[in-house]
1. Restricting attention to the range 212-228, report how many residues are out of contact with any Leu (no Cβ under 6 Å at 6 or more places or on another chain) and either away from ligand 2 (no atom under 16 Å from the Cβ) or of a type in the set (A, V, I, L, M) (or both).
2. Could you give every pair whose Cβ atoms fall below 6 Å, whose first residue belongs to the range 100-128 and is away from ligand 1 (no atom under 16 Å from the Cβ), and whose second residue is of a type in the set (Gly, Ala, Ser), counting only separations of at least 6 or pairs across chains?
3. Tell me which residues, restricted to the range 203-236, are part of a loop (DSSP other than H, G, I, E, B), more than 12 Å from ligand 1 (Cβ to nearest atom) and at pLDDT below 80.
4. Of the residues that make up the range 98-112, is at least one at pLDDT 90 or above, under 19 Å from Ile315 (Cα atoms) and in a helix (DSSP H, G or I)?
5. Search the range 56-74 for residues being surrounded by 20 or more Cβ atoms within 10 Å (Cβ to Cβ) and touching a residue at least 60 places away in the same chain (Cβ under 8 Å), and hand back the single one that is nearest to ligand 2 (Cβ to nearest atom).
6. Of the residues Gly270, Gly331, which single one is on the phi > 0 side of the Ramachandran plot, in contact with a Leu (Cβ under 6 Å, 6 or more places away or on another chain) and at pLDDT below 85?
7. Among Gly295, Gly248, Gly288, which is under 45 Å from the mean Cα position of the chain (by Cα), under 26 Å from Leu144 (Cβ atoms) and either outside any loop (DSSP other than H, G, I, E, B) or among the hydrophobic types (A, V, I, L, M, F, W, C) (or both)?
Amino acid sequence: MPDEASFPKPSLASPPELTVVIPVFNEEANAPLIAGRLTAVLQGCVASHELLFIDDGSRDGTLAVIRDLAQKDGRIRCLSFSRNFGKDVALAAGLDHARGDAVVMIDADLQHPPESIPALVAKWREGFDMVYGQRTDRTADGKLYSRFARRFYEVFQRFGEVPLPEGAGDFRLISRRVVEQLRRMPERARFSKGLYAWVGFRQTGVPYEVAPRAHGETKWNYAKLFRFAFDGLTSFSTVPLRLATYTGVAISVLAFLYAFVTILRTLVFGADVPGFPSIIVSVMFFSGIQLIFLGIIGEYIGRIFAEVKERPLYIVAEELGGGPLPAAAPGTKTGAPRVRSSAKRS
Ligand code: UDP
Ligand code: MG
């Protein structure tokens, strides 16, 4: 193995059985906790493992804390982004750089219990390619959030390209061959849950209970959530675009009927001039509808614009632990083989 010399600890000389990807954004208090709990659990359930932190542009001491952890344990690696790119992009980077035969993705805030990982691994060993954690209840989220989430799933189920399993989030195990398929999806508007469902393969769920956040605050707010739901829907459905056509046809039919009625009325009762308010109302109504659909079309065009620019999905500023960066430019997700050993070393 030509790469051996570049790995600090012998435990990293060969690919581990399991890689755990942990996206972190301002999680200095949680990082050591999750590392500790993961290590304790993993030692009992897999032959070898690595923890791959993706520091998503944290502005607190997260990176320093992880650097400390990585120095003490050669199985801990970290990629640090040049700025905040968002959790879904962090997870994509995790898949790009994971080396295990299977990859588990888990939140850093201990809301996903590491103690459920053995159950995920057991299903994987039974032959499943994707094992998602399925939350048993949403009470930890609050009423409004759960209602919003349920609504979203209903809409997605009706109009989305692929059905999403209920209550399945990012906490999941993915086998190597599915990781390779996911890496071939370079889209910028990343709706991970949709992508996981889209790839297919044998999938199953393992129930788990969501714990409250250990430290710090969630990075979500309702505006972000709405954006996320909208992105998810527009990435996996063109129904909103078709809606414009249907509405247009319906309104045209109505207008035609109205014109017919007006002609008849004029012939029977003669012309009458009044009707100014109804003109204003209808002009405003129809221009409103047109603007809404222009907006929807604009959303799709914006999406196309983002894709054609072909910017890298993320930029890695620093890598801790493990070997050198892979030969492929980081963030260009073209499905290139993960040849780490060909990376330049001076
Ligand atoms: N996270 C991230 N980048 C972001 C926001 C969040 O990497 O821009 C990470 C965060 O550190 C945590 C996980 O994603 O490990 C889940 O975040 P959070 O707890 O805020 O989301 P929630 O659990 O409320 O859905
Ligand atoms: Mg959380």
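The values are calculated or read from the model by the stated rules, or taken from the named source; none is laboratory data. If you're wondering where the values come from, they're calculated on a predicted model, not measured in any experiment. So basically every Cβ, Gly included, is an ideal-geometry build from the backbone, and we count neighbours across all protein chains shown. Protein only, heavy atoms only, side chains kept; ligands, DNA and RNA dropped before computing areas. Shrake-Rupley method; radii C 1.70, N 1.55, O 1.52, S 1.80 Å.
1. Summing the residues that are out of contact with any Leu (no Cβ under 6 Å at 6 or more places or on another chain) and either away from ligand 2 (no atom under 16 Å from the Cβ) or of a type in the set (A, V, I, L, M) (or both) in the range 212-228 gives 4.
2. Matching pairs, first to second residue: Ala102/Ser175; Trp124/Ala102.
3. Within the range 203-236, the first condition is being part of a loop (DSSP other than H, G, I, E, B), and the residues that meet it are 209-221, 236.
Checking which are more than 12 Å from ligand 1 (Cβ to nearest atom) leaves us with 209, 236.
Matches in the range 203-236: Phe236 only.
4. Checking the range 98-112: not a single residue is at pLDDT 90 or above, under 19 Å from Ile315 (Cα atoms) and in a helix (DSSP H, G or I).
5. Going through the qualifying residues, I end up with Ile66.
6. Values: Gly270 fails: in contact with a Leu (Cβ under 6 Å, 6 or more places away or on another chain).
Answer to the check: Gly331.
7. Unique residue meeting the criteria: Gly295.
Let's see how each residue does on (1) within 30 Å of Glu115 (Cα to Cα); (2) touching a helix residue (DSSP H, G or I) at 6+ places or on another chain (Cβ under 6 Å); (3) open to solvent by 90 Å² or more (accessible area, probe 1.4 Å); (4) of a type in the set (Lys, Arg):
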{"site": "Lys193", "(1), (2), (3), (4)": "yes, no, no, yes"}
{"site": "Ala211", "(1), (2), (3), (4)": "yes, no, no, no"}
{"site": "Thr218", "(1), (2), (3), (4)": "yes, no, no, no"}
{"site": "Phe226", "(1), (2), (3), (4)": "no, no, yes, no"}
{"site": "Thr247", "(1), (2), (3), (4)": "no, no, no, no"}
{"site": "Val261", "(1), (2), (3), (4)": "no, no, no, no"}
{"site": "Leu267", "(1), (2), (3), (4)": "no, no, yes, no"}
